[in-house]
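A short write-up of the structure that comes next.
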Amino acid sequence: MTPSHNLSRRSFVRASAAAGLAAGLPLLCPRRALAESVSINSAGENDPNAATGNVTPETTTLRGLAAKKGLLLGTAFSNGAFRKDPTYGEVIAREFNCLVAENIMKLNAIQHVRGEFDFTAADAMMAFAAKHAMQVRAVPLVWHDALPPWAKDQTFPRQEALDILRDHIFAMMGHFRGRVCAWDVLNEGLSDKGPGLREEGPWFHSIGTDYVEKIYHMAHEADPEARLFYNDFDMDGMSKKADRCYVWIKDLLARGVPIHGIGLQYHVRVDQHPSPTEVAQNIRRFNDLGLAVHITELDVWLPTQVTAEHLQQQAEIFRHVFETALAASNCPAVLLWGFTDRYSWVPGNTGGTFDHALIYDRDYRPKPAYAAIAAALG
Ligand code: G3I
């Protein structure tokens, strides 16, 4: 393990700041720049961001509180919601300092037609992020899902599949170079059923098990400065899948595969979630491998028939996640998979069984989880 793999919160923030400077963005470093701008603003002095009016200095917003802790606090960004609902963007700009595209940076959005790269929607999101001095996580370069028609249910000759992935990775990382603080190179590559890699999707079958190391080497070649992550679900605590991930990633690192961090998606049910202790243990063991950990898609599902007690339990889970991240030396980012129940993937994907997974209700009223996060950050 080289020291460069050890991405503590401070070094991650430094690397991110460097990336931001390269892109000419106004403000990308939460621990130093955001925290400094908060104190400068409070004193009413020379605010480097005053011209844009983009920074929220108040410590009454989650963004303001996160700045003081040097934490990247993010949300998934729904392009559809952004375009039709002005409140959506207003709340994001006020409460968050980091964005991740919920859908518009996936293969089916970027390359709906093979070989034709459409960055229009993603560029609009990047412009919004830059305008509001927010960082961006980019997901995912390679996934078995969100495939365009030309790749869905296909098996390609090995070299053709490698060429497709190489072209996509180079196009994406070239286009967004210096503007992305972390890339999920591979999303959900591990099997859910037991040992080994996930076999769904075209890449495993077309290329073979070495597709994983190939794509990380490609990404590193495309942008040697980029921070490269592996992202997955059901491995937030010390689950069997998390154990398998740990062993697998350790082996990839030992073989020189450039991986810098792990994304824990953290989609959990209110009645089925890991304890803070085991999440801390899991984050720590990745730290021992020299890896950063980001919480990447946090939401906490409640039954559709929600009670006040459910909302309190949900708040406690959000609070624990933030406390755990802040206590870890290698966890500089917590991103929610959306922030308002008005736009959440959960009801539509759980057959209507679960809902209310986020920190604002459908009318943008903060739920107890909002106050719980504020308390954790305070
Ligand atoms: O935008 C089209 C719309 O035009 C069309 O009429 C409609 C009909 O199906 O589909 C719409 O697109 C849907 C899109 O969400 C936007 O709502 C897609 O069908 C649907 O598949 C897509 O689902 C997304 C899913 O990933 C697959 O890409 C969810 O929004 C998104 O929340 C979900 O996110 C994933 C992460 O990427 C990885 N981790 C798990 C997480 C939740 O499944």
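Derivation of every value follows stated rules applied to the coordinates shown; laboratory data play no part. Note that the coordinates shown come from a computational prediction; the quantities given were computed from them, not determined experimentally. For neighbour counting, all protein chains shown are included, and Cβ atoms are generated from backbone atoms with ideal geometry for every residue, glycine included.
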- Counting only DSSP beta bridges with both partners in segment 121-256, the antiparallel fraction in percent, to the nearest 5, comes to 10
- Message: Show me the ranking of peptides 333-342, 197-206 by mean Cβ neighbours inside 10 Å, starting with the highest.
- Response: 333-342, 197-206
- Per the Kirkwood formula over distinct C-alpha pairs, the hydrodynamic radius of segment 163-282 in angstrom is 15.3
- Kirkwood Rh, segment 250-378, all Cα pairs: how many Å? 15.4
- Message: Eigenvalues of the Cα gyration tensor times 5, then square-rooted: what semi-axes does that give for segment 111-196, in whole angstrom, largest first?
- Response: 26, 17, 11
- Message: If I stretch the segment between R362 and K131 completely, what's the gain in nm (0.36 nm per residue apart, minus their alpha carbon distance), one decimal?
- Response: 80.6 nm
- Item | nm² value of the averaged projected area, convex hull over the Cα atoms of segment 128-167 | 4.1
- Net length gained if the chain between S329 and D123 were fully extended (0.36 nm per residue, minus Cα distance): 70.9 nm
- Message: Considering only C-alpha atoms, what is the centroid distance from segment 272-318 to segment 241-267, in Å?
- Response: 19
- Message: Kirkwood Rh and Cα-based Rg: tell me the resulting Rg over Rh for segment 63-168, rounded to two decimals.
- Response: 1.07
- Query: Working out 0.36 nm times the residue gap between E200 and Q305, then minus their Cα-Cα distance, what length gain in nm do you get to one decimal?
  - Reply: 34.4 nm
